[in-house]
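**Q** Here's a structure for you.
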Amino acid sequence: MKTIYMDYQATTPCDRRVLDEMIPYFCDIFGNPHSSTHIAGTIAHKAIEKARKQISDLIMIEDPNDIVFTSGSTESNNIAIQGVARSYKLEGAKIITSPIEHKCVLESCEAMKREGFDIVKVPVLENGIIDLNALENLVDDKTVLVSIIFVNNEIGTIQPIEEISKICRKRGVLFHTDASQVIGKIPVDASLTDLMSISGHKTYGPKGIGALYVRAKPRVKLMPLFWGGGQERGIRSGTLPTPLCVGLGKACEIAQQEMHEERHRLMELGNYFIKKIMDNLPKVYLNGDMEKRIPGCINLSFEGIEGEALMLNMPDVCLSSGSACTSDSLSPSYVLEAISDREEIAHSSLRIGLGRFTTLEEVEYVSSKIIESVIKLRAISPLWEEQWNIQKK
Amino acid sequence: MEYSKEVMLRYNNPQNVGSLDEMDPDVGTSVVGAPSCGDVIKLQIKVDENGKISEAKFKTFGCGAAIASSALITEWIRGKSTEEAKQIKNKEVAEYLSLPPIKAHCSVLAEEAVDKAIKDYFTKKNGGVDGKIN
């Protein structure tokens, strides 16, 4: 069975060009990049500094030294939130975040709550965008950090980063954003923020590598999560994994070169996908915002059917759902719950993730398969029957 | 989620899907679960003059396990007396379908649907009094 991958928000395949760039750094150029006494170390060091430059170019910052390598955006988010909280505790004990953050941000905030911080969540509007007026009112003298996800991983909505930045700058509050889902998809200007988390595997790079942009002027103080040789400006100790760093750099370089074209291609494919589904099926809802979203992330709810049952009808297609039945905890997506008071929206949801290697043929096949599956499942759904009866009356 | 062959068989080709006339005095109807929980089973039985379940129909909103559990239980209760049908336990459904532990609640819901449909049948028969069955 040939499988079709449409779950690009979960992870992306590593681009072959990225892998090719990485290969020499495993066995041939293996020196410790922190060994400055010999040529093996120096070559590895140079490769890492090149990667740092490639990353900083993509996120539009001048000084590559503002980039700190980490193991991924989970670590970057943990460092940013806990690092700021523990460094600035004396200046205030309030962190503002949103209910639609990634688990690692929410859990980091929970951890800080146990250390005495006040965690406040800014409300999210029905389209998945945070309420800016509410944020403005929430930011006060006690606030040390605002952490808002740039693009949500489930619904793909783009937050108003510029406006959030303005609110934070006005009050002198640090601003962190988890940019895992947005890097390489649309232009991103990290200088609007003080801290920005980046992931390798969401951008056709390798798994196990990420980065954190840490503004140096004026310097953001970050208490490290663990201690060691003081690498990465003391923020993240440990020998850097040269091949992975090189891979992340190359992934950023490719993304920068191809972003413009790829963005339009995916927007066209995605819009075609949505239109075909909506033209062929009644009562389908797009979760999130139709305009303010990254191309390639499509989250739909199909009234009357459950997400896992829907996916079961297409075992050759890799998709995901916010339904409780697909989660180990049996709780539905908290992101969809935050934007709708109807819990069944989450149970009936399907996330379709298009990416670099998605073709029109795949879009045709999967959309047709979804239409066919929804019709089949609605025929056996008591909720759809009820709908139908109400309509007939 | 990896399901057993028995689940996939019923998910792909469920028997007994449909509805019976709710107004028929020989029909008992139940609706269990809630849309907000992600599972709703509507189950109907028709009982003949010998007290046997001659027809069983269902419609299910839910995951593969919920669909398979309701399909299987309608297969099992057909031809049985209401008393015998009440003896079927969710554990037997879960075991037959090799449901993963996290999906056990789907079989519980199917058992509940049968019990409630039988109860509804007797409530209707006895003019609002839910007769000998309890």
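The values are calculated or read from the model by the stated rules, or taken from the named source; none is laboratory data. What you are looking at is a predicted structure, and each value in this text was computed from that prediction instead of being measured. Cβ sites come from the backbone with ideal geometry, for glycine too, and all protein chains shown count toward neighbours. We work out accessible area using only protein heavy atoms, side chains counted, and drop any ligands, DNA or RNA first. Shrake-Rupley method; radii C 1.70, N 1.55, O 1.52, S 1.80 Å.
**Q** Check off (1) open to solvent by less than 10 Å² (accessible area, probe 1.4 Å); (2) at pLDDT below 95; (3) of a type in the set (S, T, N, Q) for A:SER349 and give me the number that stays unchecked.
**A** Of everything listed in (1) open to solvent by less than 10 Å² (accessible area, probe 1.4 Å); (2) at pLDDT below 95; (3) of a type in the set (S, T, N, Q), A:SER349 misses just condition (2).
**Q** Looking at (1) exposed (fewer than 15 other Cβ atoms within 10 Å of the Cβ); (2) part of a helix (DSSP H, G or I), which one does A:GLY229 not meet, given that it meets all the others?
**A** If we test A:GLY229 against (1) exposed (fewer than 15 other Cβ atoms within 10 Å of the Cβ); (2) part of a helix (DSSP H, G or I), just (2) comes out false.
**Q** Look at A:SER36 and say whether it is open to solvent by 50 Å² or more (accessible area, probe 1.4 Å) and either modelled with pLDDT of 95 or more or touching a strand residue (DSSP E or B) at 6+ places or on another chain (Cβ under 7 Å) (or both). Quick ask: steps written out before the conclusion?
**A** Values: open to solvent by 50 Å² or more (accessible area, probe 1.4 Å): yes; either modelled with pLDDT of 95 or more or touching a strand residue (DSSP E or B) at 6+ places or on another chain (Cβ under 7 Å) (or both): no.
When the stated conditions are applied, A:SER36 does not pass them.
**Q** Moving on to the next point. Can you spot a residue in region A:153-163 that is open to solvent by 10 Å² or more (accessible area, probe 1.4 Å), over 30 Å from A:LEU266 (Cβ atoms) and over 16 Å from the mean Cα position of the chain (by Cα)?
**A** no
**Q** Moving on. Just one of the numbered conditions (1) in contact with a Gly (Cβ under 6 Å, 6 or more places away or on another chain); (2) surrounded by fewer than 17 Cβ atoms within 10 Å (Cβ to Cβ); (3) part of a helix (DSSP H, G or I) is not true of A:MET267; which one?
**A** (1)
**Q** Shifting gears a bit: Name the one entry in B:VAL108, B:VAL40, B:VAL47 that is among the aliphatic types (A, V, I, L, M) and either open to solvent by 10 Å² or more (accessible area, probe 1.4 Å) or within 15 Å of B:VAL7 (Cα to Cα) (or both).
**A** Details: B:VAL40 fails: either open to solvent by 10 Å² or more (accessible area, probe 1.4 Å) or within 15 Å of B:VAL7 (Cα to Cα) (or both); B:VAL47 fails: either open to solvent by 10 Å² or more (accessible area, probe 1.4 Å) or within 15 Å of B:VAL7 (Cα to Cα) (or both).
Unique residue meeting the criteria: B:VAL108.
**Q** Being modelled with pLDDT under 95 and either over 18 Å from the mean Cα position of the chain (by Cα) or within 22 Å of A:ASP131 (Cα to Cα) (or both) is the filter here, so list the residues in region A:316-333 that pass it.
**A** Passing the criteria: A:SER323, A:ALA324, A:CYS325, A:THR326, A:SER327, A:ASP328, A:SER329, A:LEU330, A:SER331, A:PRO332, A:SER333.
**Q** Hey, another quick one. Among the listed residues B:SER36, B:SER54, B:SER30, B:SER70, identify the single one that is facing chain A (nearest Cβ under 10 Å) and at pLDDT 95 or above. Full working, then the answer.
**A** Working: B:SER36 fails: at pLDDT 95 or above; B:SER54 fails: facing chain A (nearest Cβ under 10 Å); B:SER30 fails: facing chain A (nearest Cβ under 10 Å).
After ruling out the rest, the residue left standing is B:SER70.
**Q** To continue, here is another question. Could we say that B:LEU9 is more than 12 Å from chain A (Cβ to nearest Cβ), closer than 20 Å to A:MET311 by Cα and open to solvent by 10 Å² or more (accessible area, probe 1.4 Å) here?
**A** Values: more than 12 Å from chain A (Cβ to nearest Cβ): yes; closer than 20 Å to A:MET311 by Cα: yes; open to solvent by 10 Å² or more (accessible area, probe 1.4 Å): yes.
Judged against the criteria, B:LEU9 is a match.
**Q** For region A:285-297, does any single residue satisfy the condition of being modelled with pLDDT under 95 and among the hydrophobic types (A, V, I, L, M, F, W, C)?
**A** Yes: one or more hits.
**Q** Could you list, in sequence order, the residues of region A:63-93 that are open to solvent by 20 Å² or more (accessible area, probe 1.4 Å) and more than 21 Å from A:ALA251 (Cβ to Cβ)?
**A** A:ASN78, A:GLN82, A:ARG86, A:SER87, A:TYR88, A:LYS89, A:LEU90, A:GLU91, A:ALA93
**Q** Checking the conditions here, which among A:THR239, A:THR203 is over 23 Å from the mean Cα position of the chain (by Cα) and touching a residue at least 12 places away in the same chain (Cβ under 8 Å)?
**A** Working: A:THR203 fails: over 23 Å from the mean Cα position of the chain (by Cα).
Just a single option satisfies the conditions, and that option is A:THR239.
**Q** Tally time: how many residues in region A:304-336 are more than 10 Å from chain B (Cβ to nearest Cβ) and of a type in the set (Asp, Glu)?
**A** Number satisfying all stated conditions: 1.
Here's the yes/no breakdown for (1) of a type in the set (D, E, K, R); (2) in the same structural domain as A:GLY172 (by TED's automatic domain parsing); (3) under 22 Å from the mean Cα position of the chain (by Cα); (4) part of a loop (DSSP other than H, G, I, E, B):
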| site | (1), (2), (3), (4) |
| --- | --- |
| A:ASN32 | no, yes, no, yes |
| A:SER35 | no, yes, no, yes |
| A:LYS50 | yes, yes, no, no |
| A:ASP57 | yes, yes, yes, no |
| A:ASN78 | no, yes, yes, no |
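**Q** Let me confirm something: among A:LYS292, A:LYS275, which residue is touching a residue at least 24 places away in the same chain (Cβ under 8 Å) and more than 11 Å from chain B (Cβ to nearest Cβ)? Walk me through it before giving the result.
**A** Working: A:LYS275 fails: touching a residue at least 24 places away in the same chain (Cβ under 8 Å).
Going through A:LYS292, A:LYS275 in turn, the sole match is A:LYS292.
**Q** Then there is this: So, A:PRO243, is that one open to solvent by 30 Å² or more (accessible area, probe 1.4 Å) and out of contact with any Leu (no Cβ under 8 Å at 6 or more places or on another chain) or not? Before you say what the answer is, go through the steps one by one.
**A** Working: open to solvent by 30 Å² or more (accessible area, probe 1.4 Å): no; out of contact with any Leu (no Cβ under 8 Å at 6 or more places or on another chain): yes.
Criteria not met by A:PRO243.
**Q** A further question follows. Suppose we filter B:SER98, B:SER54, B:SER81, B:SER70 for residues that are within 20 Å of B:ASN13 (Cβ to Cβ), polar (S, T, N, Q) and surrounded by fewer than 18 Cβ atoms within 10 Å (Cβ to Cβ); which single one remains? Don't jump to the end; show me each part of the working.
**A** Numbers: B:SER54 fails: within 20 Å of B:ASN13 (Cβ to Cβ); B:SER81 fails: within 20 Å of B:ASN13 (Cβ to Cβ); B:SER70 fails: surrounded by fewer than 18 Cβ atoms within 10 Å (Cβ to Cβ).
Only one candidate passes the filter, namely B:SER98.
**Q** Which numbered condition in (1) assigned to a helix (DSSP H, G or I); (2) of a type in the set (Ser, Thr, Tyr); (3) under 30 Å from B:ILE67 (Cβ atoms) is the only one that A:TYR272 fails?
**A** Just one mismatch for A:TYR272, condition (3).
**Q** Working only within region B:12-25, note down all residues that are touching a residue at least 24 places away in the same chain (Cβ under 8 Å) and either open to solvent by 50 Å² or more (accessible area, probe 1.4 Å) or on the phi > 0 side of the Ramachandran plot (or both). Spell out the reasoning first.
**A** We begin by selecting, within region B:12-25, every residue touching a residue at least 24 places away in the same chain (Cβ under 8 Å); these are B:14-20, B:25.
Passing the criteria: B:GLN15, B:ASN16, B:GLY18, B:SER19, B:PRO25.
**Q** Can you tell me which residues in region A:209-224 are surrounded by fewer than 16 Cβ atoms within 10 Å (Cβ to Cβ) and in contact with a helix residue (DSSP H, G or I) (Cβ under 6 Å, 6 or more places away or on another chain)? Can you show your working first?
**A** Let us first name the residues in region A:209-224 that are surrounded by fewer than 16 Cβ atoms within 10 Å (Cβ to Cβ), namely A:216-219, A:221, A:223.
Those that are surrounded by fewer than 16 Cβ atoms within 10 Å (Cβ to Cβ) and in contact with a helix residue (DSSP H, G or I) (Cβ under 6 Å, 6 or more places away or on another chain): A:ALA216, A:LYS221, A:MET223.
**Q** Taking B:LYS103 and the conditions (1) modelled with pLDDT of 95 or more; (2) crowded, with 20+ Cβ neighbours inside 10 Å; (3) under 24 Å from B:LEU9 (Cβ atoms), which numbered condition does it fall short on, given that it satisfies the others?
**A** B:LYS103 satisfies all of (1) modelled with pLDDT of 95 or more; (2) crowded, with 20+ Cβ neighbours inside 10 Å; (3) under 24 Å from B:LEU9 (Cβ atoms) except (1).
Here's the yes/no breakdown for (1) touching a strand residue (DSSP E or B) at 6+ places or on another chain (Cβ under 8 Å); (2) closer than 28 Å to A:LEU192 by Cα:
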site	(1), (2)
A:GLY208	no, yes
A:TYR213	yes, yes
A:ALA216	no, yes
A:ASN271	no, no
A:LEU286	yes, no
A:GLY296	yes, yes
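Every residue, every condition in (1) of a type outside the set (Phe, Trp, Tyr); (2) buried (at least 23 other Cβ atoms within 10 Å of the Cβ); (3) touching a residue at least 12 places away in the same chain (Cβ under 8 Å); (4) assigned to a loop (DSSP other than H, G, I, E, B), yes or no:
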{"site": "A:ASN299", "(1), (2), (3), (4)": "yes, yes, yes, no"}
{"site": "A:LEU310", "(1), (2), (3), (4)": "yes, yes, yes, no"}
{"site": "A:GLY322", "(1), (2), (3), (4)": "yes, yes, yes, yes"}
{"site": "A:ASP328", "(1), (2), (3), (4)": "yes, no, no, yes"}
{"site": "A:ALA338", "(1), (2), (3), (4)": "yes, no, yes, no"}
